[in-house]
1. In Å and whole numbers, how far do the C-alpha atoms of region 123-169 stretch along each principal axis, longest first?
2. Give me the log10 of I(q) over I(0) for region 215-305 at q = 0.15, 0.21 Å⁻¹, as the Debye formula computes it from C-alpha points; what are the numbers?
3. As a test of reading the structure, rank Y45, Y97 by solvent-accessible area (1.4 Å probe, protein chains only), most first.
4. Hey, any idea what % of region 27-141's accessible area is carbon plus sulfur with a 1.4 Å probe?
5. Please list W396, W68, W273 from largest to smallest accessible area, probe radius 1.4 Å, with all protein chains kept in place.
6. Taking 1 over the mean of 1/r across every pair of different Cα atoms in region 161-288, what Kirkwood radius in Å do you get?
7. Can you tell me which of 365-375, 212-222, 79-89, 102-112 comes out highest on packing, and rank the rest after it, using the mean Cβ neighbours within 10 Å?
8. Would you calculate the volume per residue, in Å³, of the smallest convex hull containing every Cα atom of region 164-208?
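The values are calculated or read from the model by the stated rules, or taken from the named source; none is laboratory data. What you see is a predicted model, and the numbers here were worked out from it, not measured in a lab. Backbone-built Cβ (ideal geometry, glycine too); neighbour counts: all protein chains shown. Keep in mind that these areas ignore ligands, DNA and RNA; they rest on the heavy atoms of the full protein, side chains included. Shrake-Rupley method; radii C 1.70, N 1.55, O 1.52, S 1.80 Å.
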Amino acid sequence: MSTGNGADSAPGHISTPDTTPAGKNPGSPPGGSRGTFSSLKIRNYRLFATGQVVSNTGTWMQRIAQDWLVLSLTGSASAVGITIALQFLPMLVFGLYGGVLADRLPKRPLLLATQSAMGLTGVALAVLTLAGHVQVWHVYLAAFLLGLVTVVDNPARQTFVTEMVGKDQVANAVSLNSANFQSARLVGPAIAGVLITAFGSGWAFLLNGLSFAAPIAGLLMMRTHELHPVAPRPRAKGQLREGLRYVAGRPELVWPIVLVGFIGTFGFNFPIWLSAYVSDVFHGDAGTYGLFNTLIAAGSLAGALLAARRGHSRLRLLVAAAVLFSVLLVVTAFAPGFWLFAALLVPIGVFGLTVNVTANSSVQMATDPEMRGRVMALYMMVFTGGTPLGAPLLGWITDTYGARIGMAAGGVLSLLASVSIAIVLARVGNLRLRVDRRGVTFVPAVRERELVSAA
């Protein structure tokens with residue numbers, strides 16, 4: 001575990017032992033071999049990844065259909081924001097308790113239960129929509145129930161990755177998970193756009209519900225003796241406070257969590273902005289909305305594959321990506337034409353995904369196994385739990401002042417947070433800003449004084 005001062009988060013590289021320890025997954029690559037797709041050499045992880053790409057495709061179909069259905073029923077970007085807020089509100093309120101449960105219970109049976117519940121939620125919404133009885137409050141309720149299940153599913157799924165691949169492959173597997181999610185994001189919105197235009201939102205909801213059969217089958221087919229199980233924590237008082245104290249004493253955990261909290265609250269509100277751009281600025285339809293989401297996904301997939309190839313995570317990369325992401329939001333908000341706006345969504349996806357993956361893998365690698373469920377629950381609570389605060393606010397700004405001002409506001413708030421945290425990290429790490437022909441970099445204060453003296 002990294003014990004640095006916070007200037008760099010996780011260790012610069014993942015350890016690669018020369019020998020395979022007793023009990024190591026026999027399906028894992030020897031010595032923690034590197035490569036963009038090295039985690040896929042592990043059978044259990046292949047099953048997991050295959051199931052996830054199917055259900056993730058369904059999830060993106062439902063997201064597009066849900067946002068478009070609410071916009072069609074209400075004509076309001078604020079209503080879309082309320083839907084998003086309700087989906088993430090349970091994470092804000094109960095997120096830490098979900099982490100406690102993830103540390104207490106075996107991950108695989110827990111995921112079988114949560115994935116089944118999420119599938120049933122999609123089927124129920126499909127029945128209401130196809131029967132012609134759907135109302136906005138039905139969508140609100142479905143979003144809230146899905147959020148409740150996610151409270152437990154998210155930390156369990158995040159920590160189960162380590163149990164499948166072992167610590168040597170965590171950074172690669174986390175990056176591939178994101179690539180998996182973004183690959184589905186390329187396909188899901190496109191399919192949803194066609195289905196909604198041709199048949200309505202109900203079929204997208206139904207296919208999402210049925211798609212959860214794939215991850216459930218993958219979990220059932222796993223070889224349990226090849227897992228790296230972490231012994232469940234026995235029930236005891238104060239486990240939630242113990243997790244908070246654990247994070248508070250470690251700068252390498254605190255600052256990635258704080259930064260993704262601000263970016264998640266103010267920067268990741270694309271359903272609000274994109275639906276408003278389609279409806280009010282470019283006067284498009286569900287197909288246009290699907291196209292915009294697909295372009296962001298293309299950039300995100302590229303960012304995930306680049307992260308998988310790097311195999312390490314540093315806070316300087318996290319902060320730089322956050323700053324570039326925020327600046328791009330502001331620039332894109334005022335793009336004068338349709339195709340320029342669409343093209344700029346690709347680099348937004350690249351840098352937004354880099355922020356997410358870098359923070360996620362840094363936090364996981366810097367956390368002791370017995371604490372990982374609670375720490376990842378806190379991470380997800382901060383990253384997604386701020387949405388109930390940010391989504392209604394930015395939805396109101398978008399409705400009141402227009403899509404361009406709404407998106408620019410999110411970018412400015414994200415930029416202020418990124419720059420502020422960069423300054424804090426520089427002070428914590430005793431760094432100084434240096435500008436030369438090689439660019440703008442932070443260097444240790446001692447080294448800066450040596451360079452000045454030498455000059």
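1. Largest to smallest, the principal-axis extents are 51, 17, 10 Å.
2. The calculated log intensity ratios at q = 0.15, 0.21 Å⁻¹ are -0.96, -1.04.
3. Values: Y45 0, Y97 135 Å².
So, going from the largest accessible area down, we get Y97, Y45.
4. On the way: 3140 of 4390 Å².
About 71 percent, which is the carbon plus sulfur part of the accessible surface.
5. Details: W396 130, W68 45, W273 0 Å².
Ranked list, largest accessible area first: W396, W68, W273.
6. On the way: mean 1/r = 0.0519 Å⁻¹.
Taking every pair of different Cα atoms in region 161-288, averaging 1/r and inverting gives 19.3 Å.
7. Working: 365-375: 21.8, 212-222: 18.2, 79-89: 24.5, 102-112: 19.8.
In decreasing order of mean packing, 365-375, 212-222, 79-89, 102-112 become 79-89, 365-375, 102-112, 212-222.
8. 60
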